[in-house]
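Participant: Right, I'll just put the structure down here and ask away after.
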Amino acid sequence: MSVKHQAPRGTRDLLPDETPLWRWAEAAARGVLERYGYGEIRTPMFEDYELFARTAGESSDVVQKEMYRFTDLGERQLALRPEFTAGVMRAWLESGLGGRARVHRLWSAGPVFRYGRPAKGRYRQFSQLNCELVGSAAPGADVEMITLFVDLYEAWGFRDLIVLVNSVGQPASRRAYGERLREVFAPHREALSADSQQRLETNPMRILDTKDEKDLALLATLRANNALPTLLDSIDEADRAHWDAVLAGLEAAGVRYEVDHGLVRGLDYYTRTAFEVHDRSLASQSALGGGGRYDGLIEMLGGAPTPGVGFAIGMDRTLLVLQQRGIQAASGDVVCLVAMEGTRAAATALARELRREFTVECDVEARGFSAQMKTAGKSGARFLVILGEDEWARGEVALKDSRTGTQQTLARIGLADALRALTQETWKQGEAL
Ligand code: HAM
């Protein structure tokens, strides 16, 4: 009996009607990244398990519950990357990039893997666009990162985006803040979800990151009674000065932000600035992207103390929002060739020639004229090129432009020039709009 295969739970196929929007979004992002002077870095999809466990934090959800961990045939403990940052920093160290220039601007894109419960906007294989600025501790680096983050969304047509920002300070101030939270939550232990009761032991700050209704209600009550201390009140003077400079820089750059005291991020390596953007239409999976500063990460990996700041954008969620807003990738003009019995061979040669420059559709099944015309009509091709037997014998073809509704008979030899002129004409009109 044959077995019916399905895509593994939490994964999905992107079919040809979806990929144009992805390609358009990726191309738009590459343009922005180039203009900001970022270079692409490609790292392996799997790394030593320890690399991720050490950097993301033993108590983080990513390490506790979501890692695709496996032992290979050589008994190595490996994991599919749950994010880019740790791998990019490992590569930065291993290749000695730090010795070549003081500051590096790096981007990556591709699949990442987290074993979460699948939902709308949450997958086990998803795609991130990741950027890192390594080597600068200056607030200006945070400002550049957040500005780049917003400009990527602007290139995808998002307007009036508000970035949520917070400072998560240093590990020591976070520990002190965690203790204060423990005291605040202890009397309300029973009102917390099971997950948050556990977080109360392991990492009370993560309670602020909860999606649980019960927890959210308790948080709202505590906030309303001014009984919930903020992390910003616990950070030291140097972190406070950095924070003030980042906010001033964002204002100077014209970036709209909101301070979110509950923003703590899900990975442990962050220091100082943390930021995210959300889209409410995605309900509990609303984070489209996020990032922050990670000044201790490279040292944690055995390198010299080196500051860094970065972010990752969840492409699946971002594309979901684009689709919901009805944004479609502009498709190029397609030329459809329609041949007759006596011009079939000629159509094959003509298609090959035109495909050096244009997108061309051409029948490969030797179907009749009317069947080809029907397909051409349905395909939405802008141009129809008809190779009639008599016209072809005279060295001519018929060209129909469905956009203008005009039809002309022209010399076959002048066809490419005519198509070029028509497409450029439209392009110019588009530019003028
Ligand atoms: P993150 O917040 O863990 O950050 O992930 C970034 C984005 O990936 C999220 O905002 C979300 O849009 C998307 N994402 C996360 N999990 C899933 C999932 N299961 N399905 C679909 N999308 C998901 C990081 O990964 C950091 N490495 C970012 C960074 C770079 N920080 C500094 N440099």
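The values are calculated or read from the model by the stated rules, or taken from the named source; none is laboratory data. Remember, predicted model here, so these are calculated numbers, not experimental data. So basically every Cβ, Gly included, is an ideal-geometry build from the backbone, and we count neighbours across all protein chains shown.
Participant: Across the range 66-86, which residue is nearest to the ligand (Cβ to nearest atom) among those that are of a type in the set (Asp, Glu) and without any contact (Cβ under 8 Å) to a residue 24 or more places away in the chain?
Facilitator: Our first condition is that a residue be of a type in the set (Asp, Glu); within the range 66-86, this holds for 66, 72, 75, 83.
If we keep only those that are without any contact (Cβ under 8 Å) to a residue 24 or more places away in the chain as well, we get 72, 75.
Values: Asp72: 24, Glu75: 28 Å.
Out of the qualifying residues, it is Asp72.
Participant: Continuing with this model, one more query. Restricting the range 292-349 to residues that are under 30 Å from Thr55 (Cα atoms) and acidic (Asp, Glu), which is surrounded by the most Cβ atoms within 10 Å (Cβ to Cβ)? Steps first, please.
Facilitator: The initial filter retains those residues of the range 292-349 that are under 30 Å from Thr55 (Cα atoms), namely 292-320.
Filter once more, so that each one left must be acidic (Asp, Glu): 295, 299, 316.
Numbers: Asp295: 17, Glu299: 12, Asp316: 19.
The qualifying residue surrounded by the most Cβ atoms within 10 Å (Cβ to Cβ) is Asp316.
Participant: Sticking with this structure for a sec: For the range 141-161, what are the residues that are more than 13 Å from the chain's Cα centre (by Cα) and part of a loop (DSSP other than H, G, I, E, B)?
Facilitator: Gly157, Phe158, Arg159, Asp160, Leu161 - these are the residues of the range 141-161 that are more than 13 Å from the chain's Cα centre (by Cα) and part of a loop (DSSP other than H, G, I, E, B).
Participant: Right, another one. Only one residue in Arg180, Arg175 is touching a Pro at 6+ places or on another chain (Cβ under 6 Å), away from the ligand (no atom under 12 Å from the Cβ) and under 28 Å from Leu208 (Cα atoms), so which one is that?
Facilitator: Going through Arg180, Arg175 in turn, the sole match is Arg180.
Participant: To continue, here is another question. Looking at the range 112-140, which of its residues are among the charged types (D, E, K, R), part of a loop (DSSP other than H, G, I, E, B) and at pLDDT 95 or above? Don't jump to the end; show me each part of the working.
Facilitator: Pass one, the range 112-140, residues among the charged types (D, E, K, R): 114, 117, 120, 122, 124, 132.
If we keep only those that are part of a loop (DSSP other than H, G, I, E, B) as well, we get 114, 117, 120, 124.
If the condition is that a residue be among the charged types (D, E, K, R), part of a loop (DSSP other than H, G, I, E, B) and at pLDDT 95 or above, then Arg114, Arg124 are the ones that fit.
Participant: From the list Leu222, Leu200, exactly one residue is aliphatic (A, V, I, L, M), more than 27 Å from Gly308 (Cα to Cα), outside any loop (DSSP other than H, G, I, E, B) and in contact with a Leu (Cβ under 6 Å, 6 or more places away or on another chain). Which is it? Full working, then the answer.
Facilitator: On the way: Leu200 fails: in contact with a Leu (Cβ under 6 Å, 6 or more places away or on another chain).
So the residue among Leu222, Leu200 that is aliphatic (A, V, I, L, M), more than 27 Å from Gly308 (Cα to Cα), outside any loop (DSSP other than H, G, I, E, B) and in contact with a Leu (Cβ under 6 Å, 6 or more places away or on another chain) is Leu222.
Participant: Looking for something surrounded by fewer than 16 Cβ atoms within 10 Å (Cβ to Cβ), farther than 23 Å from Val150 by Cβ, touching a helix residue (DSSP H, G or I) at 6+ places or on another chain (Cβ under 8 Å) and touching a residue at least 12 places away in the same chain (Cβ under 8 Å) - is there at least one such residue anywhere in the range 202-213?
Facilitator: First, pick out the residues of the range 202-213 that are surrounded by fewer than 16 Cβ atoms within 10 Å (Cβ to Cβ): 202, 211, 213.
Next, only the ones that are farther than 23 Å from Val150 by Cβ stay: 202, 211, 213.
Those still in the list that are touching a helix residue (DSSP H, G or I) at 6+ places or on another chain (Cβ under 8 Å) too: 211.
Narrowing the set further to residues that are touching a residue at least 12 places away in the same chain (Cβ under 8 Å) leaves 211.
Among the residues of the range 202-213, at least one is surrounded by fewer than 16 Cβ atoms within 10 Å (Cβ to Cβ), farther than 23 Å from Val150 by Cβ, touching a helix residue (DSSP H, G or I) at 6+ places or on another chain (Cβ under 8 Å) and touching a residue at least 12 places away in the same chain (Cβ under 8 Å), which makes the answer yes.
Participant: From Ala79, Ala86, Ala53, Ala109, grab the single residue that is modelled with pLDDT of 95 or more, assigned to a helix (DSSP H, G or I) and surrounded by 12 or more Cβ atoms within 10 Å (Cβ to Cβ).
Facilitator: Values: Ala79 fails: assigned to a helix (DSSP H, G or I); Ala53 fails: modelled with pLDDT of 95 or more; Ala109 fails: assigned to a helix (DSSP H, G or I).
Of Ala79, Ala86, Ala53, Ala109, the one residue that is modelled with pLDDT of 95 or more, assigned to a helix (DSSP H, G or I) and surrounded by 12 or more Cβ atoms within 10 Å (Cβ to Cβ) is Ala86.
Participant: For the range 258-272: of the residues being crowded, with 20+ Cβ neighbours inside 10 Å and within 10 Å of the ligand (Cβ to nearest atom), which is farthest from Ser60 (Cα to Cα)?
Facilitator: Tyr270
Participant: Then there is this: Residues that are under 41 Å from the mean Cα position of the chain (by Cα) and surrounded by 17 or more Cβ atoms within 10 Å (Cβ to Cβ): list the strands (runs of 3 or more DSSP E) wholly contained in the range 356-416 that include at least 2 such residues. Talk me through it step by step, then tell me what you get.
Facilitator: On the way: elements: 359-362, 383-387, 396-401, 406-411.
Counting at least 2 such residues, we get 359-362, 383-387, 396-401.
Participant: Give the range 135-148 a look and list any residue that's in contact (Cβ under 8 Å) with a residue 12 or more places away in the chain and either among the hydroxyl-bearing types (Ser, Thr, Tyr) or more than 10 Å from the ligand (Cβ to nearest atom) (or both), or say none. Explain how you work it out, then say what you get.
Facilitator: The initial filter retains those residues of the range 135-148 that are in contact (Cβ under 8 Å) with a residue 12 or more places away in the chain, namely 135-137, 139-148.
Across the range 135-148, the qualifying residues are Gly135, Ser136, Ala137, Pro139, Gly140, Ala141, Asp142, Val143, Glu144, Ile146, Thr147, Leu148.
Per-residue answers, yes or no, for (1) loosely packed, with under 15 Cβ neighbours inside 10 Å; (2) not small (Gly, Ala, Ser); (3) not in a helix (DSSP H, G or I):
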residue: Ala238; (1), (2), (3): yes, no, no
residue: Asp244; (1), (2), (3): yes, yes, no
residue: Leu247; (1), (2), (3): no, yes, no
residue: Gly290; (1), (2), (3): no, no, yes
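Participant: Among the residues of the range 59-76 satisfying the criterion of being of a type in the set (A, V, I, L, M) and under 14 Å from Tyr49 (Cα atoms), which is modelled with the highest pLDDT?
Facilitator: First, the residues of the range 59-76 that are of a type in the set (A, V, I, L, M): 62-63, 67, 73.
Add one more test, that the residue is under 14 Å from Tyr49 (Cα atoms), and what stays is 62-63, 67.
Numbers: Val62: 84, Val63: 81, Met67: 95.
Selected residue: Met67.
Participant: Need the failing condition index for Val255 against (1) within 9 Å of the ligand (Cβ to nearest atom); (2) in a loop (DSSP other than H, G, I, E, B); (3) within 15 Å of Val165 (Cα to Cα), just the number.
Facilitator: All conditions are met except number (1).
Participant: Something else: Being at positive phi and modelled with pLDDT of 95 or more narrows it down to one of Gly249, Gly314, Gly292, so name that one.
Facilitator: On the way: Gly249 fails: at positive phi; Gly314 fails: at positive phi.
Every option except Gly292 fails the conditions.
Participant: Determine if the range 10-17 includes at least one residue that is more than 30 Å from Val103 (Cβ to Cβ), surrounded by fewer than 11 Cβ atoms within 10 Å (Cβ to Cβ) and within 16 Å of the ligand (Cβ to nearest atom).
Facilitator: Filtering the range 10-17 for residues more than 30 Å from Val103 (Cβ to Cβ) gives 10-17.
Pick out the ones that are also surrounded by fewer than 11 Cβ atoms within 10 Å (Cβ to Cβ) and you get 13, 15-17.
Narrowing further to those that are within 16 Å of the ligand (Cβ to nearest atom): 13.
Yes, the conditions are met somewhere in the range 10-17.
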